[in-house]
1. Please state which one of B:Val53, B:Val48 is surrounded by 15 or more Cβ atoms within 10 Å (Cβ to Cβ), away from ligand 1 (no atom under 16 Å from the Cβ) and without any contact (Cβ under 8 Å) to a residue 60 or more places away in the chain.
2. Among (1) surrounded by 20 or more Cβ atoms within 10 Å (Cβ to Cβ); (2) not assigned by TED's automatic domain parsing to the domain that holds A:Arg16, where does A:Thr87 come up short?
3. Name the residues in the stretch A:19-46 that are crowded, with 19+ Cβ neighbours inside 10 Å and more than 10 Å from chain B (Cβ to nearest Cβ), would you?
4. Got a number for residues in the stretch B:29-43 being within 14 Å of another protein chain (Cβ to nearest Cβ) and either within 8 Å of ligand 1 (Cβ to nearest atom) or not charged (D, E, K, R) (or both)?
5. Got a sec? Which helices (runs of 4 or more DSSP H) wholly within the stretch B:12-88 have at least 1 residues that are within 12 Å of ligand 2 (Cβ to nearest atom)?
6. Output the residue which, of all residues in the stretch A:198-229 that are in contact with a Lys or Arg (Cβ under 9 Å, 6 or more places away or on another chain) and not small (Gly, Ala, Ser), is farthest from the other protein chains (Cβ to nearest Cβ).
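The values are calculated or read from the model by the stated rules, or taken from the named source; none is laboratory data. These numbers come from a predicted model, not from an experiment. Using ideal geometry, Cβ is built from the backbone for each residue, glycine included, and neighbour counts are taken over all protein chains shown.
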Amino acid sequence: MGYSYFPGCTLRAKARGFESSALASARVLGIHLEELANWQCCGATFPLQVDNSFPLVSPARTLASARRMGERLVTLCSACYNVLKRTNHVMRTDADRRDKVNAFIEEDYRGDLEVVHFLEVLRDDLGFDALARSVKVPLSGLAAAPYYGCLLLRPADELAFDDPEAPHILEDFLSALGCRVVDHPYKIECCGSYVALEPGELASGPSRMVVESARARGARVIVTSCPLCQYNLDVSQQGAHGRNGAGVPVIYFTQLLAIALGLPEDVLGFEGHVISPGPLLRSIGAMGSEATA
Amino acid sequence: MVSSENRRKLLDISGEDVTSCYQCGKCSAGCAMAAMMDLLPHQVIRLVQLGQVEEALASRTIWLCASCLACSARCPRGVSLPNVMESLRVTLLRLGGRHLDPVRLPADVLENAPEQALVAGLRKYT
Ligand code: SF4
Ligand code: SF4
C-alpha cells in the first residue's frame, strides 16, 4: 500500500506525537507513506468566500504536486484533510475557479486525485479485521470515547467520510484495538474551533460540554484526529474542571494505535498535556512505569 | 433599494441567497456557540433578508461562529449560514479592520495553541 503523504504544519510543531505515532504504526502495518517533496501550509481553514480564490492557491499547489506522485494523497490532521479535500472538490467541479487558480500556480490540475484520511486507509485498504490481528497489546476494556468534531464529517456531500450524523469509523477502529467504546451525544459537535483565540474563557463552553458528555458516560480517554480539538478539549479542563483526577486525557487515535501495536514509548510523543495520559495508560499496563508522560 | 443592494453585496461574497430561509430556527437549535451569541444564527439571516446589514455587522455572533457547518448540514432549506457569517466578517475585514490583534494574544495561547488554530484564527479574524 503506497501513498503520497501531506503532514501539515501542526504535525511538525505542536502535534509531533500525532505524526511520530502514525508513521511508526504505518511502517509496521506495511503502509508506505511518501512525504511530498514541496508541501506548504494548507491554510488551516477552508475559505467560505466564493468571490476570493486566493486562499485556494496553497492547497491547490500541494494537490498538483501530489498528483505527480500518484493518485492518492494521505493526511492525518482533520483540518488538512478538510481543506485539501474541499479544495480538490473545487478544482474538480468549478471550472471558473479552477482556471483562475491554475493560471496563478501555472498548473493544469483538474482535481483528479483522491484525498484520503489515514483512518480511511486503515478501514478500506488495510481493513479493521487485519488491524485487529496486528494488535500486540490489546487495550482490553479501556473505556474510550471517540470525538469526531466537525472537519472530518462536514460538509458530508463533499467529504463522504462517514455518516455525518451517526459516524462509526472511530468506534470500529477503537473496537479493533480492543477498547470499550463509549458513545456520547457530543461526539460530532463543535469544540469551538478557532474561537479559542477570543479573549477569556468564553470559548471553552462547547469543549467542556464535549468532555463532560464523555466523562459522564464513563470515558477514561477521548480520542481525536484534530490538533485543535485536542487542544480545546484538553485546555477546557484547566483548573477546577480537571482537578482531583476527574480529568479525561485527550489523545490522537494514532497514539492509541501505536500503543496497541506494541511500539516503543518514544514514538508516542505525549507533550504539554493539561491532563496527562501517562497515569491512565500506566494503570492499564499499556505503558511502562518509567514513562515520563 | 439600499437594502437589496446590501444583500447583493453579501451574496457576491457568500454565494448564498438567503431568501430561501423560512426562519424555522433549526440552525440555532443545534449551534454549539449559540449560548454565547447576542443574535442567534437564524436572527442574523433574518436581518440579512431584510437588508438590515448594519445590525448584523455589529453583532458579536459573526465572530463567535466557528464555521462548524452543523447548521448548514441540518438546514431544511439548504442555506449556507457559515458562508453568510463569513461574508459579514469579510465585509468588515476588507475595509481594513481586524477583529483580533495577534500581538495581544495571551502568551500561553501563543505558546500552546496548535499552529492550525493560530493560522485559522488569524485568517478568520484579520
Ligand atoms: S435552519 Fe435554515 S431555514 Fe431554518 S432558520 Fe436556519 S437558515 Fe433558515
Ligand atoms: S457554523 Fe457557525 S452558526 Fe453554524 S452551527 Fe456552527 S458556529 Fe453556529
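1. Step by step, each of B:Val53, B:Val48 is checked, and only B:Val53 is surrounded by 15 or more Cβ atoms within 10 Å (Cβ to Cβ), away from ligand 1 (no atom under 16 Å from the Cβ) and without any contact (Cβ under 8 Å) to a residue 60 or more places away in the chain.
2. Checking A:Thr87 against (1) surrounded by 20 or more Cβ atoms within 10 Å (Cβ to Cβ); (2) not assigned by TED's automatic domain parsing to the domain that holds A:Arg16, the one that fails is (2).
3. Going residue by residue through the stretch A:19-46, those that are crowded, with 19+ Cβ neighbours inside 10 Å are A:19-26, A:31, A:33, A:39, A:42-46.
Of everything in the stretch A:19-46, those that are crowded, with 19+ Cβ neighbours inside 10 Å and more than 10 Å from chain B (Cβ to nearest Cβ) turn out to be A:Glu19, A:Ser20, A:Ser21, A:Ala22, A:Leu23, A:Ala24, A:Ser25, A:Ala26, A:Ile31, A:Leu33, A:Trp39.
4. Looking only at the stretch B:29-43, we keep the residues that are within 14 Å of another protein chain (Cβ to nearest Cβ), and these are B:29-38, B:41.
Right, trim to either within 8 Å of ligand 1 (Cβ to nearest atom) or not charged (D, E, K, R) (or both) and you get B:29-37, B:41.
Looking only at that region, the number is 10.
5. B:26-29, B:41-49, B:61-64, B:70-74
6. Just the residues of the stretch A:198-229 that are in contact with a Lys or Arg (Cβ under 9 Å, 6 or more places away or on another chain), to begin with: A:199, A:210, A:213-214, A:218, A:222, A:227.
Next cut, not small (Gly, Ala, Ser) only: A:199, A:210, A:222, A:227.
Details: A:Pro199: 8, A:Val210: 9, A:Ile222: 16, A:Pro227: 4 Å.
This residue is A:Ile222.
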